[in-house]
Amino acid sequence: MVPSFLSLRLSCLGLWASGLILVLGFLKLIRLLLRRQRLAKAMGNFPGPPTHWLFGHALEIQQTGSLDKVVSWAHQFPYAHPLWFGQFVGFLNIYEPDYAKAVYSRGDPKAPDVYDFFLQWIGRGLLVLEGPKWFQHRKLLTPGFHYDVLKPYVALFAESTRVMLDKWEEKAQEGKSFDIFCDVGHMALNTLMKCTFGRGDTSLGHRDSSYYLAVSDLTLLMQQRLVSFHYHNDFIYWLTPHGRRFLRACQVAHDHTDQVIRERKAALQDEKVRKKIQNRRHLDFLDILLGARGR
């Protein structure tokens, strides 16, 4: 039998824990409401489609199809319009170049609540950083964005695009319509692999195939999470099959990039290999990063 004083202490501990959870939940709610107020005020001057009181535009997009619905709204609101996924995550869809110039020149802070969805995949890198740390990392990458460095990549873009167009020519000969979404995504990822890691379809092994599939999976899961407002909460999302699938795909992507980096570092220890890489017509992004870190 549990002593009475111990039972009393456990009861008090339970009350304190419940009180703490309530306070933290209340603070989180206040934070979300303030965020909602700031977003609504910022986008209040832009007309847009009516929103559901709980789902925002997410329910309508899921029922109609995201692309078809957004295209119809673009015709209805040709300059810009708000887009809400739930009540606390909102975007401003901009279609007019002058509007885009005015908005992007403001220098507003990044939206942490949205970028937090990506952290398990991309980590706290240049995309999500701000302030002095962003400038420090950006300075390290400056050589990689020089015009003379980027110019040779155009040939890689053209090569990947040519491969995709050749596939479309073969499909078009059948005289039937076909879905280009996967082909465009594969072309973009193939180009990224060539420019970043120096490898693409020409050196595609089993491990690289897994990386392609993992990135495709992560992209689709991210889109699904954005339009499903009940997935915006991390605790709920990681308990779902989609959340666990996301974490597995992240692990595959991370294992691949870690292995490529280890292999490149090991190769650069060889003087002949290092000179061969430095004398190439263009360096891939990984070589630039490793060179910046080594200086």
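Could you list, in sequence order, the residues of region 64-73 that are modelled with pLDDT under 90 and not hydroxyl-bearing (Ser, Thr, Tyr)?
65, 67, 68, 69, 70, 71, listed by residue number.
Given the criterion in contact with an Asp or Glu (Cβ under 9 Å, 6 or more places away or on another chain) and without any contact (Cβ under 8 Å) to a residue 24 or more places away in the chain, identify the matching residue among 69, 133, 101, 176.
Working: 133 fails: in contact with an Asp or Glu (Cβ under 9 Å, 6 or more places away or on another chain); 101 fails: in contact with an Asp or Glu (Cβ under 9 Å, 6 or more places away or on another chain); 176 fails: in contact with an Asp or Glu (Cβ under 9 Å, 6 or more places away or on another chain).
On inspection, the qualifying residue turns out to be 69.
Give the residue that is surrounded by the fewest Cβ atoms within 10 Å (Cβ to Cβ), with candidates limited to residues of region 94-112 that are at pLDDT 85 or above and hydrophobic (A, V, I, L, M, F, W, C).
Here the answer is 102.
Could you check region 114-143 and list, in sequence order, the residues that are within 12 Å of the chain's Cα centre (by Cα) and in a helix (DSSP H, G or I)?
Once the filter is applied, which keeps residues that are within 12 Å of the chain's Cα centre (by Cα) and in a helix (DSSP H, G or I), region 114-143 yields 114, 115, 116, 117, 118, 119, 120, 121, 122.
Being touching a residue at least 12 places away in the same chain (Cβ under 8 Å), under 25 Å from residue 29 (Cβ atoms) and either β-branched (Val, Ile, Thr) or assigned to a helix (DSSP H, G or I) (or both): is that true of residue 87 here? Spell out the reasoning first.
On the way: touching a residue at least 12 places away in the same chain (Cβ under 8 Å): yes; under 25 Å from residue 29 (Cβ atoms): yes; either β-branched (Val, Ile, Thr) or assigned to a helix (DSSP H, G or I) (or both): no.
Considered against the rule, which asks whether it is touching a residue at least 12 places away in the same chain (Cβ under 8 Å), under 25 Å from residue 29 (Cβ atoms) and either β-branched (Val, Ile, Thr) or assigned to a helix (DSSP H, G or I) (or both), residue 87 comes out as no.
Which members of region 35-51 meet the condition of being in a loop (DSSP other than H, G, I, E, B) and surrounded by 14 or more Cβ atoms within 10 Å (Cβ to Cβ)? Quick ask: steps written out before the conclusion?
To start, the set of residues in region 35-51 that are in a loop (DSSP other than H, G, I, E, B) comprises 44-51.
Passing the criteria: 46, 48, 49, 51.
Can you tell which of 77, 46 is over 22 Å from residue 223 (Cβ atoms) and of a type in the set (A, V, I, L, M, F, W, C)?
Numbers: 77 fails: over 22 Å from residue 223 (Cβ atoms).
Criteria check complete, one pass: 46.
Of all residues in region 137-188, count the ones that are among the acidic types (Asp, Glu) and surrounded by 15 or more Cβ atoms within 10 Å (Cβ to Cβ). First the steps, then the outcome.
Just the residues of region 137-188 that are among the acidic types (Asp, Glu), to begin with: 148, 159, 166, 169-170, 174, 179, 183.
Adding the requirement that they be surrounded by 15 or more Cβ atoms within 10 Å (Cβ to Cβ) leaves 159, 183.
Residues meeting the conditions: 2.
Residue 159 fails exactly one of the following numbered conditions: (1) modelled with pLDDT of 85 or more; (2) within 20 Å of the chain's Cα centre (by Cα). What is the number of that condition?
With (1) modelled with pLDDT of 85 or more; (2) within 20 Å of the chain's Cα centre (by Cα) applied to residue 159, the lone miss is (2).
Just checking, does region 132-141 include any residue being at pLDDT below 80 and in contact with a helix residue (DSSP H, G or I) (Cβ under 8 Å, 6 or more places away or on another chain)?
Within region 132-141, one or more residues are at pLDDT below 80 and in contact with a helix residue (DSSP H, G or I) (Cβ under 8 Å, 6 or more places away or on another chain).
Would you be able to say whether some residue in region 52-59 is part of a helix (DSSP H, G or I) and either within 32 Å of the chain's Cα centre (by Cα) or aliphatic (A, V, I, L, M) (or both)? Even if it seems obvious, please write down each step before you answer.
Applying the first criterion (part of a helix (DSSP H, G or I)) to region 52-59 yields 58-59.
Within this subset, residues satisfying the condition of being either within 32 Å of the chain's Cα centre (by Cα) or aliphatic (A, V, I, L, M) (or both) are 58-59.
Yes, region 52-59 has at least one match.
Can you list residue pairs whose Cβ atoms sit under 7 Å apart, with the first residue in region 204-225 being more than 18 Å from residue 122 (Cβ to Cβ) and assigned by the TED database to the domain that holds residue 260 and the second being open to solvent by 40 Å² or more (accessible area, probe 1.4 Å) and modelled with pLDDT under 85? Count only pairs 6 or more apart in sequence or on different chains.
208/199
When region 113-136 is examined, which residues are found to be of a type in the set (Val, Ile, Thr) and open to solvent by 90 Å² or more (accessible area, probe 1.4 Å)?
Filtering region 113-136 down to residues of a type in the set (Val, Ile, Thr) leaves 114, 122, 128.
None - no residue of region 113-136 is of a type in the set (Val, Ile, Thr) and open to solvent by 90 Å² or more (accessible area, probe 1.4 Å), so the list stays empty.
Looking at (1) among the polar types (S, T, N, Q); (2) modelled with pLDDT of 90 or more; (3) open to solvent by less than 40 Å² (accessible area, probe 1.4 Å), find the lone condition where residue 191 falls short.
(2)
The values are calculated or read from the model by the stated rules, or taken from the named source; none is laboratory data. Since the structure is predicted, the reported quantities are computational estimates derived from the model, not experimental observations. Note: ideal-geometry Cβ built from the backbone for every residue, glycine included; neighbour counts use all protein chains shown. In case anyone asks, the SASA skips ligands and DNA or RNA and just uses the protein heavy atoms, side chains included. Shrake-Rupley method; radii C 1.70, N 1.55, O 1.52, S 1.80 Å.
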